[in-house]
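*Asks:* Right, I'll just put the structure down here and ask away after.
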């Protein structure tokens, strides 16, 4: 019978131990995935009572899409070529529609107008007027203080905004954005 060296025996033992450890970790990991244990249920229940958490309200993707399409339809009916953006409470774009014939600047302008409206919970036509008293507002990154966006509110708080860009005037853009807001109440 051939004798194995100490080195070979140590390596073989190490490999065997590693394989057993891996199997044990896999078993523990698999059992950790079950959520019906009393400890997991208690942790989940206590987490719902945690005062360190907050809940927010926002538009569903379906509602955001309907609002964007309604704004785009209003512009198309008026013979205007625009882009429409719907942003959530944090100013993150949820829907962006670039209408047929809209200019290359329109999508970004619509997003920035929507971001501005949701940030201050006011139509951008009103915010543009505030620049006379506070001209540095225009220096805030991501904003665009031109008429053309309207906030979407729930209980007076902003939950989204609709921005429109591309019509010959901001007043028209804002009229189309308001059509998008109105579509949400139907």
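Since every read-out is calculated from the coordinates, none of them should be taken as a lab result. This one's a predicted model, so the numbers in the text were calculated from it and none came from an experiment. FYI the Cβ positions are ideal-geometry reconstructions off the backbone, even for glycines, and counts take in every protein chain you see.
*Asks:* Touching a residue at least 24 places away in the same chain (Cβ under 8 Å), surrounded by fewer than 19 Cβ atoms within 10 Å (Cβ to Cβ) and part of a helix (DSSP H, G or I): does that describe residue 114?
*Replies:* Details: touching a residue at least 24 places away in the same chain (Cβ under 8 Å): yes; surrounded by fewer than 19 Cβ atoms within 10 Å (Cβ to Cβ): no; part of a helix (DSSP H, G or I): yes.
Against the criterion (touching a residue at least 24 places away in the same chain (Cβ under 8 Å), surrounded by fewer than 19 Cβ atoms within 10 Å (Cβ to Cβ) and part of a helix (DSSP H, G or I)), residue 114 does not qualify.
*Asks:* If the requirement is being farther than 18 Å from residue 158 by Cβ and surrounded by 14 or more Cβ atoms within 10 Å (Cβ to Cβ), which of these qualifies: 146, 131?
*Replies:* Values: 131 fails: surrounded by 14 or more Cβ atoms within 10 Å (Cβ to Cβ).
Just one listed residue meets the conditions, 146.
*Asks:* Something else: Which one of 142, 163, 180 is part of a loop (DSSP other than H, G, I, E, B) and touching a residue at least 12 places away in the same chain (Cβ under 8 Å)? Walk me through how you get there before you give the answer.
*Replies:* Numbers: 163 fails: part of a loop (DSSP other than H, G, I, E, B); 180 fails: part of a loop (DSSP other than H, G, I, E, B).
Exactly one residue qualifies, and that residue is 142.
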